1. In whole Hz and in residue order, list the ³J(HN,Hα) couplings for region 131-142 that follow from phi through the Karplus curve 6.51 cos²θ - 1.76 cosθ + 1.60, θ = phi - 60°; x for Gly and Pro.
2. Given H placed 1.01 Å from N in the peptide plane, which residues other than close sequence neighbours of I492 have an amide H under 5 Å from its amide H?
3. Could you give me D for the chain, from Stokes-Einstein at 4 °C and 1.567 mPa s, where the hydrodynamic radius is the Kirkwood radius over C-alpha pairs? Units µm² s⁻¹, please.
4. Report, by chain and number, residues whose modeled amide H sits under 5 Å from the one on F516, excluding near sequence neighbours (fewer than 5 apart, same chain).
5. Once Rh is set to the Kirkwood radius over Cα pairs, what Stokes-Einstein translational diffusion coefficient, in µm²/s, holds for region 269-384 at a temperature of 4 °C and a viscosity of 1.567 mPa s?
6. Quick one: grab Rg to one decimal and Dmax as a whole number for region 422-568, Cα atoms only, in Å.
7. Figure the gain on full extension for S432 and L410 (residue separation times 0.36 nm, minus the Cα-Cα span) and round it to one decimal in nm.
8. For Q455 and A201 in the same chain, what is the full-extension length gain: residue separation times 0.36 nm, less their Cα-Cα distance, in nm?
Amino acid sequence: MQGMGQSPLFASMRGWSRKDLGGDAFAGLTLAAIAIPEQMATAHLGDLSPEAGFLAFLTGTVAFALFGASRHISVGADSTITPIFAAGLVILATSGSPHYQALAALLALMVGAAVSAAGLLRLGWVADLLSVPVTAGFLAGISIHIVVSQLPELLGLPPGSGDVFHRLAAVYGGLSDINPYSATIGAAVFAVVALCERISARIPGALIALTAATLAVVAFGLQTRGVAVLGTLPAASPGLRLPEVTFGDMRTLVPLTLLVTIVIMVQTAATTRSFGGSSASDSNDVNRDFIGVGAGSLLSGLVGAFPVNSSPPRTAISVETGGRSQVTGLLAAAIVLALTLFGTDLLKNVPQAALAGILFFVAMRILRWQTFMATLRQAPTEFLLIATTALAIVALPIEIGVAIGIGLSLLHGVWTITQARAIEFEHVPGTSIWWPPDGKPAGERIAGVLVAAFQAPLSFVNADRFRQDFHAMVGERAGSLKHVVFEASSVIDIDYTAAQTLREVIAYCRDAGITFSIARLESVRAQKALARFGIAAMLGPAGVYRSVDDAVRALTRGQDAVAVPPAANGKE
């Protein structure tokens, strides 16, 4: 297997050798111990069978090992996307019904195709469209959904339905009917998992707690005391098949497919970058990992399961326990497969409250408390993005809330670009550097020359601001100004609208008898845009310079610099 990394397949196992088997074996056992209860709980969260969770882990792991690039990423059922697609599917079919299961499998096929296509088209940049505050708010909203949906199970109450507020109202109305045994089991499982995690992430706290809870149910006959259990599960027989759905079902699932796809891309990119290696052989390949995760969902859909995603916590476990490659995941998958085929009878006494306790812990783990506090302290305006996104996901249908979160992230990015302003640069005495005024030391200005920069890409969203600022700066020095030098190092691109605006600013300066030059346009894309829109020809060979100093010397023929009055410093 020494040369396996050279193949288009198994890129995730490049450089693997037999000496890595020991670390992979130990990590695989640990991963299986973590994954078994987690996959059951996540399937339960989506109102699907434990077998569906096991199949999601099996197919996600095998497909990623074949087609992905990361050595460590663990793929399977994921608590981030499950509440999203479950909330969308329950609108179309009765939860847990054969049609619901078929729609989940169809969604897996559609999501898998979309994520794989994103990888083939090298759309890894799409994963950067969600800002950190919006992502934190998104996870906070998902966490609340998980807690509210599992609260009835944990308390031994009938499962609720409807939105978050209806579910909370139902729990409040049933407080007198709480089953103390179920509540104790759920709380104890949560406490054990949290304690084990605090001691060491390597301890399979969920498996320990789930096993103990199951033994308690059997030993004390808690079923007779109203504790709900999974019951007898049919032995699974994995096989490839297409779900029985219609074209109308496919069309209905398109919006949900897009939302789940974006979330998967964001989480997979973050996981790849967080757990990638530093060596050349371990370089991150986000697009290849998209293909691997997408293939996992495709295969999951074909075996009747549901969409899969990369898991940061399970990936961390694989790394921390010494996993060297995807052999770790494949060994864990083999253990899960054996349980799926021959061990389902062991699961019949698993209390549902125990799964709820595990999901409560998952909900707490995905909350980004440090991000909340740091954002509130350092960027209060962006904290509003966290709060608004979380509120939208909680108060509105979850898929609409996710869409609003994505929209807020994009709007925030666009708004940031629109806030760019033109600023006058000054010459740092004794150097060839031109810099925004900061008073350390006092800058210099060349008589008759305005050196100005616009510190953002030029596009339609800020073209009018660019025009207004340049007009104002030129107008303030009317009569004394002879040359304008546009320092363009921050301009990485110029679109059609901005190009027309730039032409108008050049014409405005020329009409006032002022020359207009561009310096330090370093972006190749922006240089090509300058030529494509005819601006380079408009300026001529003498209108574009590699440095501000070159431009100023050429325009002033060695004219001496004059000190800038202190009052002028800091002006934008």
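Nothing in this text is a laboratory measurement; each read-out follows from the coordinates by a stated rule. No experiment lies behind these values; they were computed from the predicted model shown. Heads up, the Cβs are rebuilt from the backbone with ideal geometry, glycines too, and the neighbour counts pull from every protein chain shown.
1. 6, 4, x, 5, 4, 5, x, 4, 5, 5, x, 4
2. Placed amide hydrogens put L458 under 5 Å from I492.
3. 48 µm²/s
4. V484
5. Values: Rh = 17.7 Å.
In µm²/s, the coefficient rounds to 73.
6. In Å, with Rg to one decimal and Dmax whole: 14.5, 42.
7. On the way: separation 22, 0.36 × 22 = 7.92 nm, distance 3.83 nm.
Here the segment from S432 to L410 would lengthen by 4.1 nm.
8. Values: separation 254, 0.36 × 254 = 91.44 nm, distance 4.46 nm.
Fully extending the segment from Q455 to A201 adds 87.0 nm.
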